[in-house]
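Below is one structure, written out as structure tokens; the observations come after it.
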Amino acid sequence: MSDDLRWMIERQIPHLRRYAFALTRDQDEADDLVQDTLERALRKWRLWGRKGRLRSWLFRILYRTYIDRVRTQKPGSTPYDQEAIDRVAVQLPDQEDRVECIGIAEALDRLPADQRVIILLVALDGMAYDEVAELLDLPVGTVRSRLSRGRAALRENRSRSPKTTLLRRVK
């Protein structure tokens, strides 16, 4: 493996960590997920073969690793861990922002997994629809449909909770 490829992979680690944390809601679990992703990527880097975007390839590995872990866990939903969110924060937000963040996390937790994953990729990481479609092996129309339904559910949730203004960023 070339030093250039290692450097390109290293540049994606913060994006992978942020997405892994958004999926798992636990910093330790997110770090383990990223480590497993990087191990798989380094073992199978020849499969990438410089076809397509490296970022999409790494995110696909991370997402599939996450899905494998979810399938092996016992059924039931894991609520977000407020202490983990506090540990990740560089500077603790003021109380109103913190309440908004908790509201957003709860609203995202209430979404179906297929909608939540797409909203996180588009809103959090700024991926294009076609990139998300490639990553999840879905048609672009399905990505747009799930994104639209997820946004509608978040807007409906916002109307119930008028103090949550950060949800506007998901539009």
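The values are calculated or read from the model by the stated rules, or taken from the named source; none is laboratory data. As the structure is a computational prediction, the values presented were derived from the model and not from experiment. Note: areas computed on protein heavy atoms with side chains; ligands, DNA, RNA excluded. Shrake-Rupley method; radii C 1.70, N 1.55, O 1.52, S 1.80 Å.
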Residues of region 122-150 being under 12 Å from the mean Cα position of the chain (by Cα) and either at pLDDT 90 or above or β-branched (Val, Ile, Thr) (or both), which ones?
-> Val122, Val132
Is it true that Pro93 is within 15 Å of Thr24 (Cα to Cα), at pLDDT below 65, over 12 Å from the mean Cα position of the chain (by Cα) and open to solvent by 40 Å² or more (accessible area, probe 1.4 Å)?
-> no
Got a number for residues in region 108-158 being open to solvent by 40 Å² or more (accessible area, probe 1.4 Å) and not in a helix (DSSP H, G or I)?
-> 6
Confirm whether Arg69 is open to solvent by 30 Å² or more (accessible area, probe 1.4 Å), modelled with pLDDT under 85 and assigned to a helix (DSSP H, G or I).
-> no
